[in-house]
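Asker: Would you mind keeping the following structure in view while I ask a few things?
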Amino acid sequence: MANVNTRLNVAPVPPDEIFALNGAYAVDTFPHKVSLGVGVYRTDDGKPWPLPVVQKAEKQLVVDNDLFRHEYTAIEGDVPFLGIARDLMFGFEGKQTEEEAKARIGSVQTVAGTGANHLGAIFLAHHMKPRSVWLSNPSWANHQTIWELAGVPRKTYPYYHAATRSFDFEGMMSTLENDAQEGDAVLLHACAHNPTGLDPNKEQWMAIADLCERKNLFPFFDSAYQGFASGSVEEDAWAVRYFFNHKPDMEMCVAQSFSKNFGLYGQRVGAFHYVTNRSSTSIRDIVVNNLCHLIRGEFSMGPRVGCSIVKKVLTSDELTADWHQDLQVMSSRIKAMRQALYNELVRLQTPGTWEHIIQQNGMFSYTGLSPKQVYALKDKYHIYLLKSGRASISGLSEKNVAYVARAIDDVIRTEN
Ligand code: LMR
């Protein structure tokens, strides 16, 4: 660039793939375009779905006409909301008394799940100084960015076995066993692993918890899909609750998002929970105090509207039951679409094996399509997915699934 006079030293960074794809999809005028990129729930008509329970709660909030609804909250956030978020995550049915269990957890409100991951990373970078954070290979790309910005060196543990399209449990365990150092953080997806859709089973989770305890690793859970993946909030919190209840001498943390399970994507609702071990509950308030210091210096406090909606729902038995219904609707439609895509590919005798599409869990399928096939889907058929082959299954519908299957069939046969 000639004649630029600036004090800045900036070089372009690659655009975020997920949101760049979303932008490209938005301006594509092709009538049969299909978005399988960003992880957002869509109806069978391809439309956003403000959850019916959220709409009810919004109406009640209008009637309440709370005079304080636009006021500041506290730096830690909306305190009743934080108790509700914590109870939803941890459940409190383990061997510790409820009081003992709650005394271990310090919670603050965050700018959704990304903000919770970011705050947790910055907090650990300042106050625990892990030599490395271990991310699954692959992981949500933003994990790399978040930990890079926190200045913590990133390493990866194997997670995906491409040949069998399955979870590489042995690879994960042996890498962490041999290469992770005491005090390192290990990023774990609580359920519905993004992008692979492959989760450890319960025995495997137990072994991961044992390994973390034995090697003194710090489990950092990212929980973005509680209730959304299986339809059950208990089932999707199983791993977090197991670590919490069965490893009371271990410290850990959870980044909790309400974007998917309440469909509150743009409202940025989330929480960060730091869990002390049972002998260190006396530091809990100091942890919260330090988290508040970081929050105050960055965004003062989390936003208000979205967490008022969550609070309204989860403080009413009737609305909570409605919410569980809505979770069933979303998780069942996604399962049905996995099955429909699988059936179509089998019917077309598309080369390859496709069982993994129905075996994977949650919002995404790691289809196994190559970057070249992904580009061909976009260029020829206006079907958008990530170059890793990750497809957001909720972008499929009764109306487009046959089109998508035919397109996949075509790009695979053309290449062969
Ligand atoms: C995704 O992975 O597509 C979603 O979690 C949206 C995001 O923030 O990346």
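The values are calculated or read from the model by the stated rules, or taken from the named source; none is laboratory data. Here the structure is a predicted model, which means the values were calculated and not measured. Reconstructed Cβ throughout: ideal geometry from the backbone, glycine too, with neighbour counts over all protein chains shown. Surface accessibility is based on the protein's heavy atoms, side chains included, excluding ligands, DNA and RNA. Shrake-Rupley method; radii C 1.70, N 1.55, O 1.52, S 1.80 Å.
Asker: Along the Cα→Cβ direction, 7 angstrom out, place labels at ASN3 and THR320. What is the inter-label distance in nm?
Answerer: Here the modelled spin labels are 6.7 nm apart.
Asker: Given labels modelled 7 Å from the Cα in the Cβ direction, how far is it in nm from ARG278 to LYS387?
Answerer: About 5.0 nm separates the two model spin labels.
Asker: Along the charge dipole of the chain, which of VAL287, GLY297, GLY352 sits closest to the positive end, that is, farthest toward it, with unit charges on the beta carbon of Lys, Arg, Asp and Glu (+1, +1, -1, -1)?
Answerer: The Cα lying farthest towards the positive end belongs to GLY352.
Asker: Now a separate question. Where the centroid of each part is defined by its Cα atoms, how far is segment 106-130 from segment 377-416 in Å?
Answerer: Answer, in whole Å: 37.
Asker: Here is a further query. How large a share of the accessible area of the chain, in percent, is made up of carbon and sulfur atoms when the probe is 1.4 Å and the other protein chains stay in place? Can you show the working numbers first?
Answerer: Numbers: 10070 of 19270 Å².
C and S fraction of accessible area: 52 percent.
Asker: Ok, one more. For ASP87 and GLN339, FRET efficiency with R0 = 35 Å and r from the beta-carbon atoms, rounded to 0.05? Don't skip to the answer; put the middle values down first.
Answerer: Details: r = 34 Å, r/R0 = 0.97.
The formula returns an efficiency of 0.55 here.
Asker: What figure, in Å² to the nearest 10, do you get for the accessible area of GLU318 with a 1.4 Å probe and non-protein molecules left out?
Answerer: Spelled out: GLU318, probe radius 1.4 Å, area about 120 Å².
Asker: Also: Stretch ASP210-THR353 to full length: gain in nm at 0.36 nm per residue minus the Cα-Cα span?
Answerer: The ASP210-THR353 span can extend by a further 48.0 nm.
Asker: Identify all aspartates and glutamates with a Cα-Cα distance to LYS56 below 15 Å; exclude those on the same chain that are fewer than 8 residues away in sequence.
Answerer: Straight-line reach from LYS56, under 15 Å: ASP64, ASP317, GLU318, ASP322, ASP326.
Asker: Right, here's the next one. At 0.36 nm per residue, and after removing the present C-alpha to C-alpha distance, how many nm does the segment from HIS126 to ASP64 gain when stretched out fully? Can you show the working numbers first?
Answerer: Numbers: separation 62, 0.36 × 62 = 22.32 nm, distance 4.16 nm.
Result: 18.2 nm gained on full extension.
Asker: Would you mind getting me the FRET efficiency between TYR375 and ALA162? Use the beta-carbon distance for r and R0 = 30 Å, nearest 0.05.
Answerer: FRET efficiency, TYR375 to ALA162: 0.95.
Asker: Next question, about the same structure. With both partners inside the chain, how many of the DSSP beta bridges are antiparallel, as a percent to the nearest 5?
Answerer: That works out to approximately 50 percent antiparallel.
Asker: Under a Cβ-only charge scheme (Lys and Arg +1, Asp and Glu -1), can you give me the dipole magnitude of the chain about the Cα centre, in debye to the nearest 20?
Answerer: 900
Asker: Pairs of Cα atoms under 8 Å, at least six residues apart: use those to get the relative contact order of segment 72-315, whole percent. Show your work: numbers first, answer last.
Answerer: Numbers: 441 pairs, mean separation 73.9, N = 244.
Contact order relative to length: 30 percent.
Asker: Work out the FRET efficiency for ILE286 and SER174 from their Cβ-Cβ distance, taking R0 = 35 Å, and round it to the nearest 0.05.
Answerer: Efficiency computed from Cβ-Cβ geometry: 0.40.
Asker: Ok, one more. May I have the count of lysine pairs in segment 72-315 with C-alpha atoms under 17 Å apart, counting pairs 8 or more residues apart or located on different chains?
Answerer: Taking segment 72-315 as the scope, the lysine pair count is 8.
Asker: Related question: So what is the 222 nm mean residue ellipticity for the chain from helices alone, if each DSSP H run of at least 4 adds -39500 (n - 2.57) and you divide by all residues, rounding to the nearest 500 deg cm²/dmol?
Answerer: Working: 16 runs with 191 residues, N = 416.
That calculation yields -14000 deg cm²/dmol at 222 nm.
Asker: Could you work out the Kirkwood radius for the chain, taking every pair of different alpha carbons, averaging 1/r and inverting it, reported in Å?
Answerer: 22.5
Asker: Place a point 7 Å from the Cα of THR97 along the Cα-to-Cβ direction; which residues of segment 273-287 have their backbone N under 18 Å from it?
Answerer: Once the point is set 7 Å along Cα→Cβ of THR97, 278-282 turn out to lie under 18 Å by backbone N, inside segment 273-287.
Asker: Choose one of VAL275, TYR403, MET250: the residue whose Cα lies farthest towards the positive end of the charge dipole of the chain (beta-carbon charges +1 Lys, Arg; -1 Asp, Glu; about the Cα centre).
Answerer: The Cα lying farthest towards the positive end belongs to TYR403.
Asker: Once the dipole of the chain is set up with Lys and Arg at +1 and Asp and Glu at -1 on Cβ about the Cα centre, which of THR196, PRO15, ALA125 lies farthest towards its positive end?
Answerer: Value: PRO15.
Asker: Sticking with this one: Between segment 142-194 and segment 31-99, what is the separation of their alpha carbon centroids in Å?
Answerer: If you average the Cα positions of each part, the centres end up 29 Å apart.
Asker: With Cβ to Cβ distances under 13 Å as the rule, what net charge do the other residues near ALA271 carry (K, R +1; D, E -1)?
Answerer: On the way: positive: ARG86, ARG268, LYS311; negative: GLU76, ASP78, ASP87, ASP222.
Combined, the nearby Lys, Arg, Asp and Glu give -1.
Asker: Continuing with the same structure: Quick check for me: using +1 on Lys/Arg Cβ and -1 on Asp/Glu Cβ, what's the dipole size of segment 72-315 about its Cα centre, in debye to the nearest 20?
Answerer: That gives a dipole near 580 debye.
Asker: Another question about this same structure. From the protein chains alone at 1.4 Å, what is the descending order of accessible area for ARG154, ARG338, largest first?
Answerer: ARG154, ARG338
Asker: Okay, moving on. Percent relative contact order of the chain, based on C-alpha pairs within less than 8 angstrom and at least six residues apart?
Answerer: Values: 714 pairs, mean separation 103.6, N = 416.
Once normalised by length, the contact order is 25 percent.
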